[in-house]
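Below is one structure, written out as structure tokens; the observations come after it.
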């Protein structure tokens, strides 16, 4: 066999081997299901009352945001897959135009699975002492990594101490907001509208002087408030009842929720000095105080006895006057608005108060959505 023939034969054998390998790699195979099905999720976010109706259907007076402090100035949306993997972590800044409604943002996500969507607004709000209201670095949560559920859900919001056992400051503004939603994502594009709630209780005091004399104002006290609350609403249980307004509409309300307290031992009395800003209440006038923002609370003055949880006192002209317990103020869940009407006169012996508790929000959405 000549050298040329042996060379040609060897080349032919090598070419057959190469073709054979190609067939092994690329030959006919069983059809494979796609491992990834990306679809588009559209998310809108509204600052609203959610299901915190407390048995009330209609919005109350003074419900709208009185300033940009009650609006979203930043927003973070974190989407988590069923295995706990972070799919998206996006941050938005609205400082130039604070808002109570965030229009649709699109996310490419895996379809056909249950998503957990976390919402955090105004995460950088800081007390004058320098620590953040939400003392957690949400920006460090990485896409593709496990979501730190225990770390985030175990966080507390704690107000800044002025004194050890009394007179804590209000929660710093702009108000921190949060919420977590379960969203069933189909295998097709889908839009959702989610709520986010303020992590505070708003108090509005309306003082009415029914006398013909000016009344000096000194101090306002609200009793039995919590020093801290959870970063996200925790173990909230909702109930429903038929509205008293039309005897047909089913209204949701909060039955119970958890606050990070050991019994009642961590409560305090919030004190607000009125002397500098409101030195007196003029005769025959009504004065609406600036909003007071406090943490949600769940104090129980006498376990098993309803309606004995919260009361206020007002110091006028060196004398302190107190109301009895509010009959319809058994709890203070976040994102509610407490409006207190106080009638005063020169023959004052005790405070004449009435309290109304309203949902605290701008938009009405389906209260069962996202729960």
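The values are calculated or read from the model by the stated rules, or taken from the named source; none is laboratory data. Just so we're clear, the structure is a prediction, and the values are computed from it rather than from any experiment. Counting neighbours? That spans all protein chains shown, and the Cβs are built from the backbone with ideal geometry, glycine included.
When 143, 183 are checked against the criterion of being farther than 30 Å from residue 279 by Cα, without any contact (Cβ under 8 Å) to a residue 60 or more places away in the chain and either surrounded by fewer than 20 Cβ atoms within 10 Å (Cβ to Cβ) or out of contact with any strand residue (DSSP E or B) (no Cβ under 6 Å at 6 or more places or on another chain) (or both), a single residue qualifies: 143.
Which of the residues that make up segment 329-371 are modelled with pLDDT of 80 or more, touching a strand residue (DSSP E or B) at 6+ places or on another chain (Cβ under 8 Å) and either closer than 19 Å to residue 119 by Cα or not in a strand (DSSP E or B) (or both)? Once the filter is applied, which keeps residues that are modelled with pLDDT of 80 or more, touching a strand residue (DSSP E or B) at 6+ places or on another chain (Cβ under 8 Å) and either closer than 19 Å to residue 119 by Cα or not in a strand (DSSP E or B) (or both), segment 329-371 yields 333, 334, 335, 336, 345, 346, 348, 349, 351.
The criterion of at least 2 residues that are modelled with pLDDT under 80 is met, among strands (runs of 3 or more DSSP E) falling completely within segment 206-299, by 237-242, 250-256. Residue pairs whose Cβ atoms lie under 9 Å apart, separated by 6 or more positions or on different chains, with the first residue in segment 83-97 and free of Cβ contacts under 8 Å to residues at least 12 places away in the same chain and the second surrounded by 10 or more Cβ atoms within 10 Å (Cβ to Cβ), are 83/146.
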